[in-house]
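Visitor: Once you've had a glance at the structure underneath, I'll fire off some questions.
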Amino acid sequence: MTNPLNNPAPRPDLDEELLRRLFQGPLVLEQVAHDLLLPPEQVRQSLQELSRLGYQITTFPHRGIILQHSPDILIADETRARLPENIFARQLRIFKETRSTNDLVFQAGVQGALEGFCVLAESQTHGRGRNGRCWQTTAGKGLYLSLLFRPSWPPERAACLTYLTSVAFCRAAARLTGIRCGIKWPNDVLYQNKKIAGILTEARSQASRLEFAVVGIGINVHQQPGDFPEDLRARALSLGMAGAAANLRRAELLAVLLEETLRLYRAPWEDLRTEWKSLCLSTGQPLRIQCGRRIVEGQMIDIEENGHLVLRLPDGKIEVINSGEIL
Ligand code: BTN
């Protein structure tokens with residue numbers, strides 16, 4: 001398996017710097033070369049390399065060099081150019097294919113990688129969902145990534161990172177496409193009652209301390225019904241199928257997702273909890289929840305401080321559930 005730690009984070013490089021400037025407006029080759037103390041030929045070569053990747057870069061006689069169109073590809077340089085200060089973007093590695101991005105980030109966590117380490121893959125050979133289910137990837141059409149967190153929290157709060165990421169995705173989808181997704185406890189993001197994204201949080205703890213948590217998110221972006229396995233087709237949706245991704249580039253969705261994730265991670269948990277509850281489709285609803293071998297029925301009334309679900313049972317008693325699945 002590829003060891004991401006053998007591959008140190010690249011320093012801000014010329015491609016990243018050029019993309020950052022191109023996103024801001026026209027540039028003049030000689031000026032960039034002068035600013036960066038580089039020979040103009042090196043800047044020209046880097047621009048040609050970006051053109052080869054599909055960035056449509058045109059030189060206009062009196063206006064300078066302009067980025068006219070960006071391709072729907074995922075390269076770390078673009079994410080870093082968009083989010084120069086973001087801990088996830090700074091440590092982002094992108095693979096064409098891997099077993100599971102959660103596996104890679106978990107392994108990196110064990111080896112001491114810093115908080116913010118992030119792996120994205122175009123496809124996964126062993127993508128995982130909750131409860132041992134398989135998560136199928138469609139190369140070039142979805143976003144599949146895992147993030148490393150090292151909060152100084154007790155282990156039972158790891159689930160809060162699932163909530164955080166689902167709210168971050170709902171915010172990103174609303175910002176970029178205008179659609180309002182909802183959250184199905186504990187880890188599904190739905191639109192029109194169909195699943196558009198799923199989150200898998202896996203944690204390692206030492207005694208009463210959370211050592212690290214890996215949060216993996218799979219987002220359906222450009223898939224069509226035929227891209228999903230037949231048994232999921234009736235329950236799965238992509239942003240494209242929802243009519244919300246015509247001009248959406250996955251790189252932009254990634255950048256906004258990482259931006260919102262970091263913003264929420266730095267925000268007070270109470271604020272996140274309030275927002276999560278407002279997005280949660282199950283709040284106030286009667287639910288049947290599979291908890292191990294038991295089925296619990298009741299009305300969802302709250303999420304506790306530590307992220308556990310609070311249900312009111314038919315006899316009025318309160319039951320707190322830390323993990324389960326809505327049936
Ligand atoms: C679920 O809905 O059950 C969770 C799905 C999580 C899928 C993502 S894709 C990126 C990361 N790598 C994995 O193997 N799983 C998560």
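Visitor: Among 316, 292, 307, 284, which is the only one that is on the phi > 0 side of the Ramachandran plot and at pLDDT 90 or above?
Guide: The unique qualifying residue is 316.
Visitor: Given the conditions (1) modelled with pLDDT under 95; (2) crowded, with 19+ Cβ neighbours inside 10 Å, report the number of the one that residue 155 does not fulfil.
Guide: Of the numbered conditions (1) modelled with pLDDT under 95; (2) crowded, with 19+ Cβ neighbours inside 10 Å, the odd one out for residue 155 is (2).
Visitor: If residue 257 meets every condition in (1) under 30 Å from residue 73 (Cβ atoms); (2) surrounded by fewer than 21 Cβ atoms within 10 Å (Cβ to Cβ); (3) not small (Gly, Ala, Ser) apart from one, which number is that one?
Guide: (2)
Visitor: For segment 268-305, which positions are buried (at least 16 other Cβ atoms within 10 Å of the Cβ), in contact with a Lys or Arg (Cβ under 6 Å, 6 or more places away or on another chain) and of a type in the set (S, T, N, Q)?
Guide: Result: 283, single match.
Visitor: Which residues, taken from segment 127-136, are more than 8 Å from the ligand (Cβ to nearest atom) and in a strand (DSSP E or B)?
Guide: 134
Visitor: Quickly run through segment 91-126 and pick out the residues that are more than 10 Å from the ligand (Cβ to nearest atom), under 15 Å from residue 201 (Cα atoms) and part of a strand (DSSP E or B).
Guide: Selection gives 118 alone.
Visitor: Which ones in segment 178-198 are open to solvent by less than 10 Å² (accessible area, probe 1.4 Å) and closer than 13 Å to residue 307 by Cβ?
Guide: Scanning segment 178-198 gives 183, 185.
Visitor: Search segment 179-198 for residues that are modelled with pLDDT under 95 and pair each with any residue that is assigned to a loop (DSSP other than H, G, I, E, B) when their beta-carbon atoms are under 8 Å apart and the residues are at least 6 apart or on different chains.
Guide: 184/281; 184/282; 185/282; 186/323; 186/324
Visitor: Let me ask you something else. Looking at 282, 278, can you tell me which residue is under 18 Å from residue 187 (Cβ atoms), touching a residue at least 60 places away in the same chain (Cβ under 8 Å) and among the hydroxyl-bearing types (Ser, Thr, Tyr)?
Guide: Unique residue meeting the criteria: 282.
Visitor: Among the residues of segment 159-177, is any more than 9 Å from the ligand (Cβ to nearest atom), at positive phi and either surrounded by fewer than 20 Cβ atoms within 10 Å (Cβ to Cβ) or outside any loop (DSSP other than H, G, I, E, B) (or both)?
Guide: For segment 159-177, residues more than 9 Å from the ligand (Cβ to nearest atom), at positive phi and either surrounded by fewer than 20 Cβ atoms within 10 Å (Cβ to Cβ) or outside any loop (DSSP other than H, G, I, E, B) (or both): absent.
Visitor: Would you point out which residue out of 24, 42, 68, 48 is touching a strand residue (DSSP E or B) at 6+ places or on another chain (Cβ under 7 Å) and open to solvent by 50 Å² or more (accessible area, probe 1.4 Å)?
Guide: The conditions single out 68.
Visitor: In addition: Testing residue 232 on (1) of a type outside the set (Phe, Trp, Tyr); (2) more than 11 Å from the ligand (Cβ to nearest atom); (3) over 30 Å from residue 110 (Cβ atoms), one condition comes back false. Which one is that?
Guide: Residue 232 satisfies every listed condition except (2).
The values are calculated or read from the model by the stated rules, or taken from the named source; none is laboratory data. Note that this is a predicted model, so its numbers are computed, not measured. Note that each Cβ is placed from the backbone with ideal geometry, even for glycine, and that neighbours are counted across all protein chains shown. Only protein heavy atoms, including side chains, enter the accessible area calculation; ligands, DNA and RNA are left aside. Shrake-Rupley method; radii C 1.70, N 1.55, O 1.52, S 1.80 Å.
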